[in-house]
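S.K.: What follows is a structure written as structure tokens; I'll ask about it next.
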Amino acid sequence: MTPSLFERLLSALRITYAITDARFCIVEVGGAPSAYLCPDHLGMPVTDVLPELIGYEAVMTSVAEERSPQLELPWINREMGDAHTIYLRVSLQSAPFPNQGLPQPGLFVTLEDVTSQGVAQQQVTHSRNELRLLRDELAQRNLALEAANIELHHLDDLKSQFIEVAAHELRTPLTTLSGFLEMLLEELPGPLTTEQRHYLSVMDESAQRLQAIIDELLEITRIDAGRLQLTLRPLDIVRLAQDVIAYFEPQITTRKLLVTMGSDGTLPLALCDPKRVTQILGNLVSNAVKYTPFGGHIHIRVALASEPHYIEVSVTDDGIGIPSEEQGRIFDRFFRARTAAQTDAPGTGLGLSITRSLVELHGGRIWFESEVGKGSTFHVTLPTFDADNEFS
Amino acid sequence: MPRISKKVCLLGDFAVGKTSLVRRFVYNAFEDKYLATIGVKVSRKTVVLPVRDGLVELALLLWDLAGSEEFSAMRASYLRGAAGAILVCDVTRPDTLAGLTAYVDDMRRVAPNAHFVVAVNKIDLPDARLPYAEVDAFAASLHTSCYLTSAKTGDQVEETFRHLGRLLVAGD
């Protein structure tokens, strides 16, 4: 028999239907052929064929008697034998036509195979849920990290307090020691033999070195605690650089270094803390002096920086250089490059860390280029003193 | 032996293991990979339970409902005719316990006399974060019991469903 247009339409839409009597037993099946609703089910209670309808008996009666609107159950999952899931939309309405000659109203049950939409919906829901789980996990990890961070800050504070107290306690006796060493070296108590002078000079150098370490440690604790404040004022950087070079004159002479300086014509004043900029340039020049071999060349250049409202100071040496694999760590605290550690020059590995903090406090930048055996150039930028400058 | 059937819903937030609990109980199987459920999946298992004057064969129609919030609107229609529910939360996600109150409210609106059992699932996982005292308090507020389950190992799964089954046959 040729299927009717209605049957063909239902098949195309993947809709199967059943008509029940008033006791909800199936009296007619039609539409798209399906395993879950077929002529074999004729005479069976619809709840046996569709267990999803168990519990809805009262609603089904109400729908059949048209006391309630249609009942719809979207996304009914059915696991098929080959482990894949099909999705059905079940809809119940009062059978609106003569029902196999039965006087009581029955139900018109439609099953629409919505598997393709269901699979897409399932994938969307699945992805969304996985994202939610990830978001929750991230939130959980963030909380744990925040707690760990607070704990670390607390420990760091304790460490800084300890260093500060220890450094202060060390400084007092060291000052006394240095004072007496100075008196001895000035021969105030009496003349010294050459040997005695040599020994006392070694002691004095060590005391000065210890003093420098203590000062650096105290500086680090001040930076960490945010207690380092700048006193900004207009400053001639070229002149300050010359003063710094002059300070290192004894070491420059001893090491027979050639130190040159150049600057771009007339430069604007910088807006900086003189003490801190002296420290910045002092550290860069000190490193250049320490790590440049006898007879080497150091060049200091002061110029306008490429970014507006900044002056750039560059310190170039033809010293030992920094190995490329260590360049990323050069501003880390207590880090000393392999090439530096191999020299006799003393160092704690704090100088560049402090320098960077001081430059950044001024709103400037520090960077460098270096090659082992050829030398290094360190650049810092410092803000100029002008009306547009935020510090001004 | 008398036979009865009851509709039981599994309720809880997404990915707490509702589908896995049903799979373990009905097929004694477990699939480690998470697969979100949309809509509802109905499974059936018959258990024999003791009653005052003998035994009863209880066919449990297990309605595994989607936990995602997108399906909240249609959930109420699926709850009709339910005699009880297993409220499932995830031991590693404390917020899934808080979410159960809303499911209880939904269920009570549709089935005021429904019975509940609480399942704290995934106890096989090491990072348990759910405060058990809160779970106990929640179960006590529903006058019911709480089970620490693992769909993965099967721990307490059978007991959870059978406990609800006993409540259902006792209530008849």
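The values are calculated or read from the model by the stated rules, or taken from the named source; none is laboratory data. These numbers come from a predicted model, not from an experiment. Cβ sites come from the backbone with ideal geometry, for glycine too, and all protein chains shown count toward neighbours. Just the protein is used for accessible areas: all its heavy atoms, side chains included, with ligands, DNA and RNA removed. Shrake-Rupley method; radii C 1.70, N 1.55, O 1.52, S 1.80 Å.
S.K.: I'm trying to understand the selection: among the residues of the range B:2-23, which are away from chain A (no Cβ under 11 Å) and among the basic types (Lys, Arg)?
M.R.: Across the range B:2-23, the qualifying residues are B:ARG3, B:LYS18.
S.K.: Select from the range A:286-313 the residues that are open to solvent by less than 10 Å² (accessible area, probe 1.4 Å) and out of contact with any Gly (no Cβ under 7 Å at 6 or more places or on another chain) and list them in ascending order.
M.R.: A:VAL289, A:ILE298, A:ILE300, A:VAL302, A:ALA303, A:ILE311, A:VAL313
S.K.: Right, next: Hey, any hits in the range A:57-71 for a residue that's farther than 30 Å from B:ALA73 by Cα and surrounded by 13 or more Cβ atoms within 10 Å (Cβ to Cβ)?
M.R.: So far as the range A:57-71 goes, no, none of its residues is farther than 30 Å from B:ALA73 by Cα and surrounded by 13 or more Cβ atoms within 10 Å (Cβ to Cβ).
S.K.: Looking only at the range B:82-109, count every residue that is open to solvent by 40 Å² or more (accessible area, probe 1.4 Å), at the interface with another protein chain (Cβ under 10 Å from one of its Cβ atoms) and over 21 Å from B:SER145 (Cβ atoms) and tell me the total.
M.R.: Qualifying residue count for the region: 1.
S.K.: Just give me the residues in the range A:31-66 being of a type in the set (Gly, Ala, Ser) and at pLDDT below 90, in sequence order.
M.R.: A:GLY31, A:ALA32, A:SER34, A:ALA35, A:GLY55, A:ALA58
S.K.: In addition: If a residue has to be surrounded by fewer than 20 Cβ atoms within 10 Å (Cβ to Cβ) and either over 30 Å from A:ALA207 (Cα atoms) or without any contact (Cβ under 8 Å) to a residue 60 or more places away in the chain (or both) to count, how many in the range A:319-346 make the cut?
M.R.: Summing the residues that are surrounded by fewer than 20 Cβ atoms within 10 Å (Cβ to Cβ) and either over 30 Å from A:ALA207 (Cα atoms) or without any contact (Cβ under 8 Å) to a residue 60 or more places away in the chain (or both) in the range A:319-346 gives 18.
S.K.: For A:ILE280, which of the numbered conditions (1) without any contact (Cβ under 8 Å) to a residue 60 or more places away in the chain; (2) open to solvent by less than 20 Å² (accessible area, probe 1.4 Å) fails to hold?
M.R.: Tallying (1) without any contact (Cβ under 8 Å) to a residue 60 or more places away in the chain; (2) open to solvent by less than 20 Å² (accessible area, probe 1.4 Å), A:ILE280 fails exactly one: (1).
S.K.: Please find, among A:LEU131, A:LEU111, the residue that is in a helix (DSSP H, G or I) and either away from chain B (no Cβ under 11 Å) or of a type outside the set (D, E, K, R) (or both).
M.R.: From the options A:LEU131, A:LEU111, the qualifying one is A:LEU131.
S.K.: Suppose the filter is under 24 Å from A:GLY349 (Cα atoms), open to solvent by less than 40 Å² (accessible area, probe 1.4 Å) and of a type outside the set (Asp, Glu); does A:ILE252 pass it? Walk me through it before giving the result.
M.R.: On the way: under 24 Å from A:GLY349 (Cα atoms): yes; open to solvent by less than 40 Å² (accessible area, probe 1.4 Å): yes; of a type outside the set (Asp, Glu): yes.
Spelling it out, A:ILE252 is indeed under 24 Å from A:GLY349 (Cα atoms), open to solvent by less than 40 Å² (accessible area, probe 1.4 Å) and of a type outside the set (Asp, Glu).
S.K.: When the residues of the range A:59-76 are narrowed to those that are over 11 Å from A:VAL90 (Cα atoms) and touching a residue at least 12 places away in the same chain (Cβ under 8 Å), which ends up nearest to the other protein chains (Cβ to nearest Cβ)? Don't jump to the end; show me each part of the working.
M.R.: Restricting attention to the range A:59-76, the residues satisfying the condition of being over 11 Å from A:VAL90 (Cα atoms) are A:59-69.
So of that shortlist, the ones also touching a residue at least 12 places away in the same chain (Cβ under 8 Å) come out as A:59-60, A:63-66.
On the way: A:VAL59: 6, A:MET60: 10, A:VAL63: 12, A:ALA64: 16, A:GLU65: 17, A:GLU66: 19 Å.
So the residue we want is A:VAL59.
S.K.: Further question on the same structure: Given the conditions (1) in contact with a strand residue (DSSP E or B) (Cβ under 9 Å, 6 or more places away or on another chain); (2) more than 29 Å from B:THR96 (Cα to Cα); (3) open to solvent by 40 Å² or more (accessible area, probe 1.4 Å), which single one is not true for B:TYR27?
M.R.: Going through the list (1) in contact with a strand residue (DSSP E or B) (Cβ under 9 Å, 6 or more places away or on another chain); (2) more than 29 Å from B:THR96 (Cα to Cα); (3) open to solvent by 40 Å² or more (accessible area, probe 1.4 Å), B:TYR27 breaks only (2).
S.K.: Please give the number of the condition A:LEU188 fails out of (1) in a helix (DSSP H, G or I); (2) open to solvent by 60 Å² or more (accessible area, probe 1.4 Å); (3) more than 14 Å from every other protein chain (Cβ to nearest Cβ); (4) at pLDDT below 95.
M.R.: (1)
S.K.: Residues that are polar (S, T, N, Q), farther than 30 Å from A:GLU7 by Cα, modelled with pLDDT of 95 or more and in a helix (DSSP H, G or I): does the range A:148-157 have at least one?
M.R.: Within the range A:148-157, the subset polar (S, T, N, Q) is A:149.
Filter again for farther than 30 Å from A:GLU7 by Cα, leaving A:149.
So of that shortlist, the ones also modelled with pLDDT of 95 or more come out as A:149.
Now drop any that are not in a helix (DSSP H, G or I), which leaves A:149.
Taking every residue of the range A:148-157 in turn, at least one turns out to be polar (S, T, N, Q), farther than 30 Å from A:GLU7 by Cα, modelled with pLDDT of 95 or more and in a helix (DSSP H, G or I).
S.K.: Looking only at the range A:166-185, filter to residues that are at pLDDT below 90 and among the charged types (D, E, K, R); which one of those is surrounded by the most Cβ atoms within 10 Å (Cβ to Cβ)?
M.R.: A:ARG171
S.K.: Could you say whether any residue in the range A:198-214 is of a type in the set (Phe, Trp, Tyr) and open to solvent by 40 Å² or more (accessible area, probe 1.4 Å)?
M.R.: Yes, that holds for at least one residue.
S.K.: When you scan the range B:1-115 for helices (runs of 4 or more DSSP H) that lie fully inside it, which ones turn up with 2 or more residues that are under 20 Å from A:GLU57 (Cα atoms)?
M.R.: By residue number, B:72-79, B:100-110.
S.K.: Considering only the range B:30-64, state which residues are at the interface with another protein chain (Cβ under 9 Å from one of its Cβ atoms) and open to solvent by 70 Å² or more (accessible area, probe 1.4 Å).
M.R.: Selection gives B:LEU35, B:ARG44.
S.K.: Open to solvent by 20 Å² or more (accessible area, probe 1.4 Å) and more than 10 Å from chain A (Cβ to nearest Cβ), is that true of B:SER72?
M.R.: Yes; evaluated as a whole, the condition is true for this residue.
S.K.: Residue pairs, Cβ under 6 Å, 6 or more apart or interchain, first in the range A:13-37 and closer than 16 Å to A:LEU92 by Cβ, second surrounded by 18 or more Cβ atoms within 10 Å (Cβ to Cβ) and charged (D, E, K, R). List them.
M.R.: Cβ pairs passing all conditions: A:ILE15/A:GLU112; A:VAL27/A:ASP21.
S.K.: Quick one: in the range A:244-295, which of the residues that are more than 40 Å from the chain's Cα centre (by Cα) and among the polar types (S, T, N, Q) is farthest from A:ILE320 (Cα to Cα)?
M.R.: A:THR266
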